[in-house]
Each structure stands twice: as structure tokens, then as C-alpha cells.
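The values are calculated or read from the model by the stated rules, or taken from the named source; none is laboratory data. Worth saying up front: this structure is predicted, and the values here are computed from it rather than measured. All Cβ positions, glycine included, derive from the backbone under ideal geometry; neighbour counts span all protein chains shown. The area values use the complete protein model at the heavy-atom level, side chains included, leaving out ligands, DNA and RNA. Shrake-Rupley method; radii C 1.70, N 1.55, O 1.52, S 1.80 Å.
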Amino acid sequence: QRQVVESGGGLVQSGGSLRLSCKSVRSDFSDFSGAWYRQYPGKERERVALVYTDGSTVYDDSVKGRFTISRDDDKRTIDLQMNNLQVQDTAVYYCNHFVFWGQGTQVTVSE
């Protein structure tokens, strides 16, 4: 059984927005930090945003000021609001919670 499931990826024009959502089925959701990563073709996966159990956040410089990560412990979700998307944001995005990973969702930004 997959422990986390992602949704919200797609194709968007440069400057546009997308909201990614990660849904966990685990009852211990609130005990652990959550994060969103992205992976470019042929490259290692890299973290773009982290949200701690208290809701505080950490961002990679490449997305700071444009992306917002948040969590809802009642809904057991970790969302990534992506604004002012740029072509270089094109990648497969993965949600991570504890040792569990989402299936990956493609984000493509056109010029």
C-alpha cells in the first residue's frame, strides 16, 4: 500500500501557478516533518522545501519567495503552492514524509 499519494502536477505557462498536494494515510502523520523534492532528468533528487511538525519551513534559495509549503495535520496533507513558475522549475516533484515517498508528479513550465 502506498503511504503517500501526490496530485496537482501539470503543464503551466511561465509566470503561472500550480498547487501540489501530498496525502498521507498514516495515523502518525503529525509526528514527522514533510518535504517536497524535485528531480531533473539525469540528476539527483534535491529538496526544495521542508515543513517541520510545528509548521515552520525551510526553502531552497531557488524557490524562496515563490513557493510555499504547508501542512494540515487534520487532513494529513503537505501542500506546495508554486507561484511565478519558471522554465527551470520543470521537473518531477516528489513528496517525502518520514521514510515514505510519493509516486512523483510532473511539472512542466512552458515559455
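So the values come out like this:
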{"read-out": "Check on Val92, farther than 18 Å from Gly9 by Cβ, surrounded by 16 or more Cβ atoms within 10 Å (Cβ to Cβ), within 11 Å of the chain's Cα centre (by Cα) and in contact (Cβ under 8 Å) with a residue 24 or more places away in the chain", "value": "no"}
{"read-out": "Top-ranked residue of segment 67-89 - restricted to ones that are polar (S, T, N, Q) and free of Cβ contacts under 8 Å to residues at least 40 places away in the same chain, ranked as nearest to Val12 (Cα to Cα)", "value": "Gln88"}
{"read-out": "Selected residue [open to solvent by 50 Å² or more (accessible area, probe 1.4 Å) and in contact (Cβ under 8 Å) with a residue 24 or more places away in the chain] from Val25, Val12", "value": "Val25"}
{"read-out": "Unique residue being open to solvent by 40 Å² or more (accessible area, probe 1.4 Å), in contact with a strand residue (DSSP E or B) (Cβ under 8 Å, 6 or more places away or on another chain), part of a loop (DSSP other than H, G, I, E, B) and at pLDDT 95 or above when the list is Lys64, Lys75", "value": "Lys75"}
{"read-out": "When residues of segment 28-59 are limited to those that are more than 21 Å from Arg76 (Cβ to Cβ) and aromatic (Phe, Trp, Tyr), the one surrounded by the fewest Cβ atoms within 10 Å (Cβ to Cβ)", "value": "Tyr40"}
